[in-house]
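Input: a single structure, listed below in C-alpha cells.
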C-alpha cells in the first residue's frame, strides 16, 4: 500500500466514524519524525477510542500494523505511529489544550477532500 493509499484509508475511516476537524499536516520538510501528522478530534472518550481502534483495525486488514501506539489507557490522546504517518486522536478539550496544529503551523496543510472521494 502506498503512502497516499494509506492516507486515504486513514482519512476515510476517521470521516466514516464522524471524527471532528480532520487535519493532515505534511511535516517531512521540518522533521525526521514522520512525513505526515493526521489530527482528529473525538466527542467523548468512547468516541476517541473508537476512532483509534477503527483506524488500527482497517489498516490491519491491509496487513499494516502500527510501529507503536500510546494513550489507550487514558483515551484523551491516542497516538498511532505508522512510521511515515502518525495519527493523533484527541478528545476535544485535550486537542484544544495542546494545539498541535499551531505547534506545527510551519508544516504544509494538506487538502483532505481528495482522500474522501471514491
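The values are calculated or read from the model by the stated rules, or taken from the named source; none is laboratory data. Nothing here was measured: the structure is a model prediction, and the numbers come from that model. For neighbour counting, all protein chains shown are included, and Cβ atoms are generated from backbone atoms with ideal geometry for every residue, glycine included.
Here is how the numbers come out for the structure above:
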item	result
All positions within the range 2-22 that are crowded, with 18+ Cβ neighbours inside 10 Å and either under 14 Å from residue 86 (Cα atoms) or in contact with a strand residue (DSSP E or B) (Cβ under 6 Å, 6 or more places away or on another chain) (or both)	6, 7, 8, 9, 10, 11, 14, 19, 22
Leading residue by the ranking (nearest to the chain's Cα centre (by Cα)) among those in the range 24-62 that are surrounded by fewer than 17 Cβ atoms within 10 Å (Cβ to Cβ) and touching a residue at least 60 places away in the same chain (Cβ under 8 Å)	26
Tally of residues being within 15 Å of residue 14 (Cβ to Cβ) and in contact (Cβ under 8 Å) with a residue 40 or more places away in the chain across the range 63-83	1
Condition broken by residue 47, with the remaining ones in (1) part of a helix (DSSP H, G or I); (2) out of contact with any strand residue (DSSP E or B) (no Cβ under 9 Å at 6 or more places or on another chain) satisfied	(2)
Residue 74 vs. criteria exposed (fewer than 15 other Cβ atoms within 10 Å of the Cβ), in a loop (DSSP other than H, G, I, E, B), modelled with pLDDT of 95 or more and more than 12 Å from the chain's Cα centre (by Cα)	no
